[in-house]
1. Restricting attention to region A:227-241, and to residues there that are loosely packed, with under 15 Cβ neighbours inside 10 Å and under 32 Å from the mean Cα position of the chain (by Cα), which single residue is modelled with the lowest pLDDT?
2. In region B:335-345, is there at least one residue being under 22 Å from A:Ala69 (Cβ atoms), surrounded by fewer than 21 Cβ atoms within 10 Å (Cβ to Cβ), touching a residue at least 60 places away in the same chain (Cβ under 8 Å) and not basic (Lys, Arg)?
3. What pairs can you find where one residue is in region B:141-166 and under 16 Å from B:Gln246 (Cα atoms), the other is surrounded by fewer than 20 Cβ atoms within 10 Å (Cβ to Cβ) and of a type in the set (D, E, K, R), and their Cβ atoms are less than 6 Å apart, with a gap of 6+ or different chains?
4. Just checking, does region A:141-155 include any residue being of a type in the set (Ser, Thr, Tyr), modelled with pLDDT under 95 and touching a strand residue (DSSP E or B) at 6+ places or on another chain (Cβ under 9 Å)?
5. Is there a residue in region B:474-481 that is more than 13 Å from chain A (Cβ to nearest Cβ) and more than 25 Å from the chain's Cα centre (by Cα)?
6. For region A:140-168, how many residues are in a loop (DSSP other than H, G, I, E, B) and touching a residue at least 40 places away in the same chain (Cβ under 8 Å)?
7. Any residue at all in region B:78-101 that's of a type in the set (Gly, Ala, Ser) and within 14 Å of chain A (Cβ to nearest Cβ)?
Amino acid sequence: MSPTNIFTPASTPAESIFGLSIFVLLTVAAIFVVVFSLLAYAAVRFRNKHGDDRSEPAQVYGSTQVELAWTVIPVLIVVALFLAATRVILAVQNAPHPPGALEVTVTGHQYWWEYRYPGLNIVTANELHVPISDPAHPTPTFLTLLSADTDHSFWVPRLGGKTDLIPNHPNHMWIDPHEKGLFLGQCAQYCGTQHAKMLLRVYVQTREDFDRWVHEQQQTPQAGASVGERVFRSTACVNCHTVSGTPAKGKFGPDLTHLMTRDTIAAGAAPNTPETLRLWIKNPDAIKPGSKMPAMGLSDHDLDAVTAYLETLR
Amino acid sequence: MSANTIALTESPARPLTLRLHEWATTVDHKRLGILYVLYGLIFLVLGGIEATIMRVQLIRPHNDFVSPEVFNRMFTMHGTTMIFFVAMPLVFGFANYLVPLMIGARDMAFPRLNAFSFWMTALGGLLLYFSFFGGDGLYGAGSAPDVGWFAYAPLTAKTFSVGHSTDFWTLSLLSSGIGSIGTAINIIATILSMRCPGMTLGKMPLLVWLNLVMAGLVILAVSPLSAAQLMLIVDRYLGGHFFDTQAGGSAVIWMHFFWIFGHPEVYVLVLPAFAFASEIIPVFSRKAIFGYPVMVLATIAIGFIGMSVWAHHMFTVGMSAGANTFFVLSTMAIAVPTGIKIFNWLATMWGGHIRFATPMLFCVAFLFQFLIAGLTGVTLAVAPLDWQLGNSYYVVAHFHYVIVGGILFCIFAAFYYWFPKVSGKLYDEALGKWHFWLFVIGFHLTFDFMHVPGILGMPRRIYTYEPDRGWDTWNLIVTIGVVFQAAGILVFAANLVWSYFRGKRAGNDPWDAWTLEWSTSSPPPEYNYAEIPSVRSRRPLWDLKHPEDPDWRYE
């Protein structure tokens, strides 16, 4: 089964859309069956069987009663669908903001996701961690959606509908996942060359696991003095990437402070292993052609050293 | 026979250069109509090749048939080509050819504006495709445009689109937009002032009514698009900041400008398709159209409501709940007049003696397919469903259902129906049926199954996808359908060419039809009618053929 099926919702917005979609689909299916049958009947019943009947049928020019009937009935159906839709629009868009809610600011970049937790002082990338929300004591997550460059769209189908990230136009959405696990999605608004590999990963954790993750992310790693760290600091890496507690303060690329706590690199395009990490630094186009990460042109020795240094960022 | 036969046999004897010169300088509405249609067919092949490249790339996950850059150019060029340089020229071509004939006129109101408009449209298409050679300018930054056919800001800003590909896209749409507005003005003027004696507005064939509303929509819809293109040029070259978000411009304003064009554009294309169905279904059912006044009112209603639904393309951009509900209601409202039309066509068939020649086959398939397209449209009008399905393959499947299953099927019907009039020859019925069945199979393989990956979370415009998403089998089936569609198009082209040279003579009125164009010779002489006809009803030829029971007694 598909991990991104909109018909397997696991969060209130996705569930209310699912409920509404069943009502809408049943309605249009009923209309389809009726009109399809009439059309099929007319096409079969009134066909000129052998093509030899040259007589003209009775000419009928119209009928006010019939016209009225097939105007009024569709109007009633439209009203019903409209009311159902409005209910869900208001429920999702005007949802109250409970005190236990988690706030996350999502910034879309070509072609990766930046996540900031303002209340928790956490900055991370590409893998969003949120706590599970118990319907009895809801702890939803409210997302503020920004863009650093072009339009993007945040879409994790099992958690909710998509909302666009548009520069100069902050947007909002919320999710309250009811089960733990990994939820997948991807950018749903064309944003440039690597739109296809701007993947979304949302880790829904139990409260304890989430708190542990928060604690881990709040630590500042020990600055070392390895060869790899020297290479990292002395190349252009620091212009784009941040490693907190070090001079690396770049904002253009993902924050690498806790890189090793992430399962993937390159916005979900590859697993986070020493081999892919090394390949990514050496030749990003091998993993994600057209990404904004430049090939650094390091020697094999420096590549190994930088990879080893990155492996220490936990 | 006599006068026209002489004209026919005389022209091929003249040297080729002279004949080409005649075509290039013609102001005859029939020749311009044919030029529009041939132009549209050439671009149909180009747009089809682009679609095929995309489908080959998506046949399996992590395929590397083309690079992401090439894929992004393909979907941009495919969309732009199919809308602006296939659908629009075909629609205008038929309107140009048929409207004066059907209202008993000798030409359009402004023949030279007509020629100017065609050549502006032609220039637009050439500019778009010249980008493959000139688009990278001095930057080496890639050739054809790759910003998507709705070219959302700020991806079109100099920062994100270096080189000149976006400029070629902009100029191309600006040029063809001038052509479209010119033709629209011409169609309106022609219909309002060139009708033959007796043809009041209420006695015009439905095709003429629908093209009148279509032309009105073109003026309302293409003008803001052209304005937006000019603003984009100002942004890119004159230091403007309309859409430049880095300097405080608004990306959302571009969306409004584009979709106030983009959605009425759907009706610009579908109304002429309805027009073809409204002529063909009655003739092949052997009955007058059911509910003519209601059909006219429904058309006008579609025109009005069609101007107020554009932001249903923007349910995910963060509009207020109030705005979202408004556009849900206006979008659903349009289903009512559209439904009325389907019911009236159905009632026209009801009790008739339906002849399933190729034009009617395409029209009946259109009815079934447009029903489905309309219903998936209703599902997308429900904003919360659009939050899930918007920008997914479900939307791609939906609008291809409208444009291919609805509009293109009607255009094929129109090709077969009026081919005898335009060429003077009958097409080959067996080949026509081959085309129909191949295309029906291909269409349904491709576009029925395309809904599913959308429901399973597949966004559009991705050059590749992950293997674990459950999308691969669906995409394989979708791609297989392309083979059947391509085969259908080949049979269609072969039929047109073969029948043009080898087909039997058609005579004036091969379908025993009722509108004025069938009263003149096939092909019609340059002046259309030796004597301007006069009419007393909506079906003047019915009146002639049935003097004992004429229509004007009942209208």
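The values are calculated or read from the model by the stated rules, or taken from the named source; none is laboratory data. Owing to the predicted nature of the structure, the values given are computational and were not obtained by experimental measurement. Here the Cβ is made from the backbone with ideal geometry for all residues, glycine too, and neighbour counts use every protein chain on show.
1. A:Ala236
2. Within region B:335-345 (the criterion being under 22 Å from A:Ala69 (Cβ atoms), surrounded by fewer than 21 Cβ atoms within 10 Å (Cβ to Cβ), touching a residue at least 60 places away in the same chain (Cβ under 8 Å) and not basic (Lys, Arg)), the answer is no, since none of the residues qualifies.
3. Filtered contacts from region B:141-166: B:Lys158/B:Arg236.
4. no
5. yes
6. Going through region A:140-168 one residue at a time, the tally reaches 12.
7. Within region B:78-101, the first condition is being of a type in the set (Gly, Ala, Ser), and the residues that meet it are B:79, B:87, B:93, B:95.
Filter again for within 14 Å of chain A (Cβ to nearest Cβ), leaving B:79.
For region B:78-101, residues of a type in the set (Gly, Ala, Ser) and within 14 Å of chain A (Cβ to nearest Cβ): present.
So that you can scan it fast, the table gives a plain yes or no per residue for (1) of a type in the set (Ser, Thr, Tyr); (2) surrounded by fewer than 17 Cβ atoms within 10 Å (Cβ to Cβ):
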position: A:Ser63; (1), (2): yes, yes
position: A:Leu83; (1), (2): no, yes
position: A:Val92; (1), (2): no, no
position: A:Tyr111; (1), (2): yes, no
position: A:Tyr115; (1), (2): yes, no
position: A:Gly119; (1), (2): no, yes
position: A:Pro138; (1), (2): no, yes
